[in-house]
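Take a look at the structure below.
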Amino acid sequence: MAERNTGGAAGAAGRAPAADRADAIRNVVLVGHSGAGKTTLVEQLLAATGTIQRPGRVEDGNTVSDFDEVEVRQQRSVNLALAPLLHNGIKINLLDTPGYADFVGDLRAGLRAADAALFVVSASDGIDGLTQMLWEECAQVGMPRAVVITKIDHQRADFDEVLATCQDVFGDGVAPLYLPVITNGHVNGLIGLLTQKFYNYATGARTEKEPGAEYETQIEEYRGSLIEGIIQESEDETLMERYLEGEPMDTKVLIEDLEKAVARGSFYPVLCSGLGVGMQEVLEVITQGFPSPLEHPMPEITDLSGKPVKGVACDSDGPLVAEVVKTTSDPYVGRISLVRVFSGTLRPDMTVHVSGHGLADRGHEDHDVDERIGTLTCPLGKQQRGAAKGMAGDIVAVAKLSRAETGDTLSDVEQPLLMTAWAMPDPLLPVAIRAKSKADEDKLSQALGRLVAEDPTLRLENNAETRQLVLWCMGEAHTDVLLDRLSKRHGVEVERIELRVPLRETFGGKCQAMGRNVKQTGGHGQYAICHLEVEPLPSGGGFEFVDKIVGGVVPRQFIPSVEKGVRAQMERGVVAGYPMVDVRVTLYDGKAHSVDSSDMAFQIAGQLALKEAAAKVPTLLLEPVDELSVLVADDHVGSVMSDLSSRRGRVLGTEPVGTGRTLVKAEVPELEITRYAIDLRSMSHGTGTFTRSFLRYEPLPPNLASKLAAED
């Protein structure tokens, strides 16, 4: 496997690598926390295969993956980026993902497009909570994985400690294939534990020789554990017995068993890398250990009615099934769609069916349209290199699909199909914005439409009650990037404003009131008098209108008019301008005029009566209360519960979830959790998640009610 001295086949710089069959493709997503070295690893792999002349640096803003203006300025990845290369006749599609939790949408897209995952862990920083959660996510779907410990040449690097952490956090099946040889802080090379060879990188190129005697004990310790792990995964049941009896193990057999175990996702080799060290080994694990698209299970596919469709496989001659995993809007080129082809073949100028379903709540309307494929390209960062086709198992970019959005399915016009959307977290940080000028306001709607099409983790809300435009984001960094794109890419300037939480009003007691609308003029006048009794209902009671008119004092045709007027006034509120809820209104008396009474006259009388009632009894402001379900590591449960209590929350209980995690359930006012997405991440070191759902309205505490009423 990674220890065969096969040598790297250089890809031609400037020319897109191509594969003529699916088993010559490897789709690999790089996963790890921000700063772990994913983008740097991609640069080194590209340079090692001759795809680029020399590796760029994140600090210099000249890497292949981080080409967006925001990424260059912030020196971190915020987008999914594709970097294809060629090694030993195998096309490798590297998918570099953001390592910050705010950009988990692009990370999930990378997981969807890939057939295997390379977990990147820094030898100086270790593993964060997000990486651990993603490992568990990959485990649930059986995705093959390997670990690369980067920065082994860093002054604070501790390979042994980080390796032990990986084995502890990631669980069984994690074992090193190589040990770094470090002298005076400089990495000279790697020792292969299976071949027991020293791969020397001191001169730049890899050479092979025998390791020194001083490493014998260390090699024996790690090699024994590695072999035992491989044998446990072997399909040859006699191998363990022969090993325990002391029979020498054939290295070739061990490597073959290792490759099979890695491909089926039951064994996870650990590699290591530094500047110029370990690239050959990583490439060999990818090409020989990771599965091809032929071995990866097909996502669930249905027809447009939702009926499951069976028998679709990774076959270039099969029915077309492809998925848009990333959408970007280029101001010069237009919309560019990064597409993973699961079945069939995409060709320039062919017409395809575009289906998008299930994200209407985030501003993505369901759509089924036919569109013509434009130019096909094989991107290398921002460089678009022409591609003749997109065969089953490959990843290509398609230009100018005007209706296609991230998550959409492309299929044959004659046989439209739909792929089940991948899981996407809910955006839980609301940010209210407004255009800075009339010119910006005119362009804002179109610009936001493009952002929503690109990013399924963004939800757009036009709140009719608060009359605010609200972006629901994943976090503060996500918000900053979105606002930056509005400004720099789309030329729209906006400003953040204080978010208003929609409140409600209700009556604090029972009373009677009269609405008198009597206006006598020279012509047709107005005459309507109604007597109402108002009383509060329990929370969630809504609105009840009771007719107790006897004797026809209010003509039958005008009773609905009173109700209509009351409802209209309730919508507008009677004190602070918030809608009124949980009220019973009883019409029990009134007067009418044979000529001057009318529908409108009684509507106005109903409104006046409700206002008079508000002057007689206290009017309460009600705030929305949400039910929160917070999932955190056991270590953070106490902090989370204490914090929820400080937010006027009521903790309902806790329950264990899996190993080492607890679900905390609570009821918390919405006013207190507008920034909870940020605060929880800080409290839980990035590992906590939560969901929220509206529960009911409750009276605001008097001090807060007075403050909000004064502000309004």
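Data overview
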item	result
Options 513, 561, 575, ranked by Cα towards positive dipole end of segment 475-594, top entry (Cβ charges)	561
Total lysine pairs whose alpha carbons fall under 25 Å of each other in segment 480-627 (8 or more apart, or interchain)	18
Accessible area in square angstrom per residue, segment 148-243, 1.4 angstrom probe	52 Å²
Cα convex hull volume per residue for segment 496-587 (Å³)	144 Å³
Nearest-0.05 FRET efficiency for residue 464 and residue 203, computed from C-beta distance (R0 56 Å)	0.20
16 Å Cα-Cα reach of residue 151 towards lysines, excluding residues that sit fewer than 8 places from it in its own chain	38
Local electrostatic count, residue 37, Cβ distance below 14 Å [Lys/Arg +1, Asp/Glu -1]	-2
Per principal axis, descending, Cα span of segment 426-532 in whole Å	62, 38, 21
Label-point separation, residue 593 to residue 557 (7 Å along Cα→Cβ), nm	1.7 nm
Length-normalised contact order for segment 630-712 - Cα pairs under 8 Å, 6+ apart - percent	31 percent
Cβ crowding within 10 Å averaged over residues, with 405-415, 691-701 ranked highest first	405-415, 691-701
Kyte-Doolittle at least 1.0, axis length at least 27 Å by Cα - qualifying DSSP helices, the chain	none
Two-decimal Rg to Rh for segment 353-463 - Kirkwood Rh, Cα set	1.01
Relative contact order (percent, whole number), segment 297-400, Cα cutoff 8 Å, 6+ residue spacing	27 percent
Carbon plus sulfur fraction of accessible area for the chain, probe 1.4 Å, in percent	48 percent
Highest-first arrangement of 540-549, 487-496, 140-149, 302-311, where packing means the average Cβ count within 10 Å	140-149, 487-496, 540-549, 302-311
J(HN,Hα) series, segment 652-661, from Karplus relation 6.51 cos²θ - 1.76 cosθ + 1.60, nearest Hz, glycine and proline x	8, x, 9, 8, x, 10, x, 10, x, 10
Rh by Kirkwood over Cα pairs, then Stokes-Einstein D for the chain at 0.890 mPa s and 25 °C, µm²/s	84 µm²/s
Long-range amide H partners of residue 321 with built H, under 5 Å	342, 343, 344
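The values are calculated or read from the model by the stated rules, or taken from the named source; none is laboratory data. Owing to the predicted nature of the structure, the values given are computational and were not obtained by experimental measurement. Every residue, glycine among them, receives a Cβ derived from its backbone with ideal geometry; neighbour counts consider all protein chains shown. The accessibility values were calculated without ligands, DNA or RNA, using every heavy atom of the protein model including side chains. Shrake-Rupley method; radii C 1.70, N 1.55, O 1.52, S 1.80 Å.
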